[in-house]
1. Out of the trypsin sites (Lys or Arg not before Pro) in the range 356-423, which ones are loop residues according to DSSP with at most 14 other C-beta atoms within 10 Å?
2. Less than 14 Å Cβ to Cβ from residue 120, Lys/Arg counted +1 and Asp/Glu -1: what total charge do the surrounding residues give?
3. Dividing the convex hull volume of the Cα atoms of the range 159-301 by its residue count, what figure in Å³ per residue is obtained?
4. Taking the range 204-311, which trypsin sites (Lys or Arg not before Pro) meet the DSSP loop condition and have no more than 15 other C-beta atoms within 10 Å?
5. Using 0.36 nm per residue, how much length does the chain from residue 151 to residue 1 gain when fully extended, once their Cα-Cα distance is taken away?
6. Take the cross-link list 364/419; 203/313; 140/384 and give me the ones stretching past 21 Å between alpha-carbons.
7. Could you list, bin by bin from short to long, the percent of Cα-Cα pairs of the range 14-76 in 5 Å steps?
8. Using the per-residue mean of other Cβ atoms lying within 10 Å as a proxy for protection, in what order, highest first, do the peptides 111-121, 30-40 fall?
Amino acid sequence: MPLTANDPTRKTWLDTKPNTDFPIQNIPFGVFLTRDDIITIGTRIGDYAIDLGALHQLGYFEGIELTDDIFLQDSLNDFIADGRKTWRLVRNRVSDIFLKDNPKLRDNEAHKKQILFTLDEIEMQLPVDVGDYTDFYASKEHATNVGSLFRDPKNALLPNWLHIPIGYHGRSSSIIPSGTPIHRPVGQTKPGEDGIPGFGPTKLLDFELEMAFITTDANVLGHRVPIEEAEDYIFGLVLFNDWSARDIQAWEYVPLGPFLGKNFASTISPWIVTLDALEPFRTEGPKQEPQPLPYLRQTGKKNFDIQLQVGIKPENGEETTLANSNFKYMYWSMAQQLAHHTVNGCNVRSGDMMGSGTISGPTKDSYGSMLELTWRGQNPVTLKDGTTRKFIQDGDTVIMRAHCERDGLRIGFGECSGKVLPALQ
Ligand code: MN
């Protein structure tokens, strides 16, 4: 099915800024509360939120097989479960409705009043009810940095890393939408000389600059998803801040891996940008040496060129950019992650979320965590207000952004932000 919505020459009758993350070629999906306190599924063009439930009720999706209430829900799970063909039909139709020369909605003031909202009239919600969340560890630079910091620079990558997309099962209940503040977590830390573990608010609160992909129902229990089909089951991507308490993590992680140092909160950007919208930004991934096992071998351009940025805004202060990275640095692609996740027959469902792992680039200004940027606090970073940071302080807001740009076309994700509040005792 053609991706007519991706045509870079398309223009909309809506008033949009030239550098918007959300041109008519994006058409992401999200869930929001309207000014009338009604929850609906919607999309966004420029700075307008578009109520897909209202569009559907007014007959704008005629000819597309959709249940009456598909957009009148508090999550995208059922729509995502309808599969790729439906996603494409709806995205192409939305694009058509807002095309410059299409008068149908453009010239209908009554309908526009029901369908269009400005951003200050809505409140973004979590876009999916996340059943299961898995976090990978797929950036070679990040794995090498962490291995050097915590173990041995000479053997930074463990022997399995180049053969397996390493991951762990995370916690979905604490995934929150951008703008939701978090409290500094409390927990146990490594004992001092007296042998008694420390206990209290984490002193080493960190972010992890990640992206996450959201799946549809991919396979029946016991059956695997072949690598060449894996992308068919990926609905889209969001920015993902996998908040981490490094001192809690360091004490608890042996032998079963991350637990309370990770599961207190993970923040996502609220608009899911579809894999279809990212199609023009495909790029080669890093060369994989040694060659992966056959079930992980992927041909073609398996990565996406998505520019990533992370910054800190102190309380009442100006934001300082700390790092610029790129999703293209991922060693293991999303398709490889999904093929690996299901190779044992583990079933993946609509609304499941898979985090990439911290995305660090090759240079020191492209590291995706404070742990790496300050080299575990050895080299503090200086913010614009003159204060320094080894890790995140109370009152700091961590802001992540992502966008793709090629030949004048820009597709973005908006912001993924979260403010850190003092610990609750
Ligand atoms: Mn992570």
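1. Details: sites: 364, 376, 384, 389, 390, 401, 406, 410, 419; in loops: 376, 384, 390.
Of the trypsin sites (Lys or Arg not before Pro), the ones in loops of the range 356-423 whose Cβ has at most 14 other Cβ atoms within 10 Å are 384.
2. Working: positive: 35, 44; negative: 47, 121, 123.
Combined, the nearby Lys, Arg, Asp and Glu give -1.
3. Working: hull volume 23.7 nm³, N = 143.
Considering the Cα atoms of the range 159-301, their hull volume per residue is 166 Å³.
4. On the way: sites: 224, 246, 262, 282, 287, 297, 301, 302; in loops: 224, 262, 287, 297, 301, 302.
Hits after loop and neighbour filter: 287, 297, 301.
5. Values: separation 150, 0.36 × 150 = 54.00 nm, distance 4.94 nm.
That pair, residue 151 and residue 1, stretches by 49.1 nm at full extension.
6. Working: 364/419 25 Å; 203/313 19 Å; 140/384 30 Å.
The pairs that break the limit, which is 21 Å between Cα atoms, are 364/419; 140/384.
7. Computed distribution, short to long bins: 4, 18, 24, 23, 19, 9, 3, 0.
8. Details: 111-121: 14.6, 30-40: 17.0.
Per-residue mean Cβ counts within 10 Å order the peptides as 30-40, 111-121.
Bear in mind these aren't lab numbers, they're just calculated from the coordinates by the rules spelled out. Everything quoted here is computed from the prediction, not taken from an experiment. Don't worry about glycine lacking a Cβ; one is built from the backbone with ideal geometry, like all the others, and counts go over all protein chains shown.
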